[in-house]
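Here the structure is laid out as structure tokens; the discussion comes afterwards.
The values are calculated or read from the model by the stated rules, or taken from the named source; none is laboratory data. Model, not experiment: these values are computed from the prediction. Using ideal geometry, Cβ is built from the backbone for each residue, glycine included, and neighbour counts are taken over all protein chains shown.
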Amino acid sequence: MSQPVSLKSVNVIPDPNTSTEVSNGFWSSNPISSFFIDTYKQIHSHRLSLELINPGTVENLNKEVSRDVFLSQYFFTGFKADLNKAFALNPAFQTSHTFSIGSQNLPSYAFSALFADDNLFIQGNVDNDKSLSGRLNYGWNKKNISKINLQLSNDQPSMCQLEQDYQGSDFSLNFKSLNPSFANSRNIFTGVAVGSLLQSVTPQLALGLELLYSRAQPSAPADAGVSYLARYVSSKKDWVFSGQLQANGALVASFWRKVLPSVEAGIETNLQAGMTPITDPVLGAPVGIQPTVEGSTTIGAKYEYRQSVYRGSISSNGKVACFLERKVLPTLSILFCGEIDQFKNESKLGCGLQFETAGNEELLMMQQGLDKDGNPLQAPPQPTEI
Amino acid sequence: MSEGLFAGAGATLGGEQKKIAGNGKSKVSKIEEFKKTPLYTVLLNGGLFIAGVVLIQSPIMDMLAPQL
């Protein structure tokens, strides 16, 4: 006995004349397109079988050494006091006042505020030199992040940088443009444009390229260059090697190792190739050019404990530097940094205080190691206390 | 006569000293010349980098980390 067929079942039967079927059939039956589709599928399946991971961004290629271990990011001179106040943790909202005396780089007073939630990060700084800078990062999803950096200064030219990050399963793409403009009579791009790709080749090794294009004036010729990048992470992730051959003739090699959970060490070598003119000793007129290479190697270590962080470095240029940060109270840290240039007989010294205050009662309790009901917080295991 | 003999010997010795000094001077100048070449900077910093990596990877670095 035959079953009655419903109208829904009839509609499910594929219709050979639908547009999808026609298009699939066309692309798969076409020998040229099918070759490309099959090749792409083979490469994709091969990539999946390699179990590659995202290599991180080009910006963070040697982050472990240059930002974490070395103290150049943290170094200051003179005396400074930071007053930080956190109003909320999620979304995070924090303000900071920085006072400084006797520093060549830091302004006498600076105010900064930041707001951050899961997708958005906004930070703004203003100082007594009427210099204003701001940063906005917005994550459209986990893979796509747009960034805008602005800088308006009294003495220096204004800067605007637009950036787009895309993080694939085994590669990272980044496009950024500094002061892009088409507002000229010939509608020609002026500014700097940079595109970079970092691709994992094996689970440990990633190779990359960075293309740079710049044109300062519409009438001036444009410059272009290619940088080559490499990053190797050990299978235990306890050491990282990275190398860059930059378009401006610089070769940067860095090596980082996590010795213990609280101790890291790193070394970085920088070789900069260039050309210097040869002048006639009698007439003083240029008679030619000769290749020159300037180089420096810096080795450093970072010791991080629950209440203190120590960073030290020695450079082949004769510079010995250290940065110490010690939390003496839950709300107060002391900073000390010093550098001696043995070859030039120069020294720099910096001292600072950092106050962390809470903007509400819950944060105040957290600073004291208590939850909102006054019970001790169950903190995760921390490095050894020193 | 003896003055003349000694004078002659002294003159010969002085000549030898000049030769030795001349050889030493040319050796120093070659090293100084090499130090001014780009290859010296590349070799020096390359060597320092390799030595630094060996130091960081060696047990000496483990000993520099306090076992608390």
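Annotations for the structure displayed:
- Condition met for A:PRO55 (over 30 Å from A:GLU362 (Cβ atoms), surrounded by fewer than 17 Cβ atoms within 10 Å (Cβ to Cβ), in contact with a Ser or Thr (Cβ under 7 Å, 6 or more places away or on another chain) and not polar (S, T, N, Q)): no
- Cβ-Cβ contacts under 8 Å between residues 6 or more apart (or on different chains), taken from a first residue in the stretch B:48-68 that is over 26 Å from A:GLY295 (Cβ atoms) to a second residue that is modelled with pLDDT under 90 and in a helix (DSSP H, G or I), are absent.
- Among the residues of the stretch A:155-164, none qualifies, meaning not one is of a type outside the set (Lys, Arg), farther than 30 Å from A:PRO221 by Cβ and out of contact with any Pro (no Cβ under 8 Å at 6 or more places or on another chain).
- Criterion: part of a strand (DSSP E or B) and either away from chain B (no Cβ under 13 Å) or without any contact (Cβ under 8 Å) to a residue 40 or more places away in the chain (or both) - qualifying residue of A:PRO277, A:PRO281: A:PRO277
- Total residues in the stretch A:242-262, condition in contact (Cβ under 8 Å) with a residue 40 or more places away in the chain and not in a strand (DSSP E or B): 2
- Scanning the stretch A:90-106 for residues that are surrounded by 14 or more Cβ atoms within 10 Å (Cβ to Cβ) and either among the β-branched types (Val, Ile, Thr) or under 24 Å from the mean Cα position of the chain (by Cα) (or both), we see that the one that is modelled with the lowest pLDDT is A:LEU106.
- Here A:PRO376 fulfils each of the conditions (1) exposed (fewer than 14 other Cβ atoms within 10 Å of the Cβ); (2) of a type outside the set (Gly, Ala, Ser); (3) within 26 Å of A:ARG67 (Cβ to Cβ); (4) modelled with pLDDT of 75 or more apart from (3).
- Here the stretch A:233-245 is the region considered, the condition is being away from chain B (no Cβ under 12 Å) and under 16 Å from A:THR57 (Cα atoms), and the residue that is surrounded by the most Cβ atoms within 10 Å (Cβ to Cβ) is A:SER242.
- Reported count of residues in the stretch A:61-76, each being among the polar types (S, T, N, Q) and crowded, with 19+ Cβ neighbours inside 10 Å, is 2.
- Subset of the stretch A:209-241 (residues that are assigned to a strand (DSSP E or B), among the hydroxyl-bearing types (Ser, Thr, Tyr) and farther than 23 Å from A:LEU260 by Cβ): A:TYR213, A:SER214, A:SER227, A:TYR228
- Members of the stretch B:52-68 found to be more than 9 Å from chain A (Cβ to nearest Cβ) and closer than 21 Å to A:SER242 by Cβ, listed by number: B:VAL54, B:SER58
- Checked against (1) in contact with a Pro (Cβ under 6 Å, 6 or more places away or on another chain); (2) within 26 Å of B:LEU43 (Cβ to Cβ); (3) not hydroxyl-bearing (Ser, Thr, Tyr), A:GLY288 passes all but a single condition, namely (1).
- Residue match in the stretch A:247-255 (condition: within 13 Å of chain B (Cβ to nearest Cβ), surrounded by 20 or more Cβ atoms within 10 Å (Cβ to Cβ) and not hydrophobic (A, V, I, L, M, F, W, C)): yes
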